[in-house]
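Reading through the structure tokens given below for one structure.
Any read-out appearing in this document is the output of simple, stated calculations on the displayed coordinates, not a laboratory observation. This one's a predicted model, so the numbers in the text were calculated from it and none came from an experiment. Cβ sites come from the backbone with ideal geometry, for glycine too, and all protein chains shown count toward neighbours.
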Amino acid sequence: MGLVIPSNPGPSLFDYRNLCCPWFARGVTTSLYRDMAVASEETTNICSHCDRAIPSLNIDLHFAHCSRNLEKCKLCGDMVPKKHAEEHFLNTHAPVACSLCSETMEREVLAIHKGEICPQRIVTCEFCEFPLPAIDLAEHQEVCGNRTELCHLCSRYIRLRERYNHESRCTGVSDNIVGSSRDVRAAERAPGAPRRQPHDYSSRRRLFFTIAITGIAVILGSLLFQRKTGNNQVH
């Protein structure tokens, strides 16, 4: 008996093949599903809301969910749940006030500001190591650097701002002593300047002076004694 094809619209050619050969239909169906799965994995579309690559078969469902629940941060570009958008801005991007000087700035630069720029950050004086606000440092060091300390090597008083340079050059000899000796020698070498007398001559001068004073004292004593004696005789 031959195959009868009905006159009304019926199954497609594919359905006739299924009717004719069930194994053929099963193989074609399996191959078709496999090809569709591979195609769906390889084919993606970019979501116009979040700019992510989404499998083409899921793009419509993803877009509906993404646009309804997420929004893109205008500052960092992150996709944030709409109900947490304000919290994200406050915790990540909202300007903050410096706890030291109350200046308002972006959160990203707060650490650098407090460590290197803030005028109220605490610094130490290089001369006395006293902690104070950075805004007062220059005025403090101007005064503090002019204080003096005694150098134990040369016994001179040195300003604190010059202390380190002095210590690297100090020879342990007082500049006052060295300077006075140099001045005397320079004066002696000057043309027409009187030269120092030998030490023996100075000693003789002191001896003569002592003798003269002693002689004068003896004479005055004798005169006073004679006057006193004369007065006694008169009485």
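Computed from the C-beta positions of ASN58 and GLU108 and an R0 of 41 Å, the FRET efficiency is 0.70 to the nearest 0.05.
For segment 46-94, the Cβ-based charge dipole about the Cα centre amounts to some 60 debye (Lys, Arg positive; Asp, Glu negative; other atoms uncharged). With Rh defined as the Kirkwood radius, the inverse of the mean 1/r over Cα pairs, the Rg/Rh of segment 46-94 is 1.05. Computed from the Cβ-Cβ distance with R0 of 41 Å, the FRET efficiency linking LYS83 to ALA134 stands at 0.45.
Going by neighbour counts of Cβ atoms within 10 Å, the residues PHE89, PHE209 line up, fewest first, as PHE209, PHE89.
Using C-alpha pairs under 8 Å with a sequence gap of at least 6, the mean separation divided by the residue count of segment 46-94 gives a relative contact order of 25 percent.
Length gained on full extension, SER168 to ALA212: 10.3 nm, using 0.36 nm per residue less the C-alpha separation.
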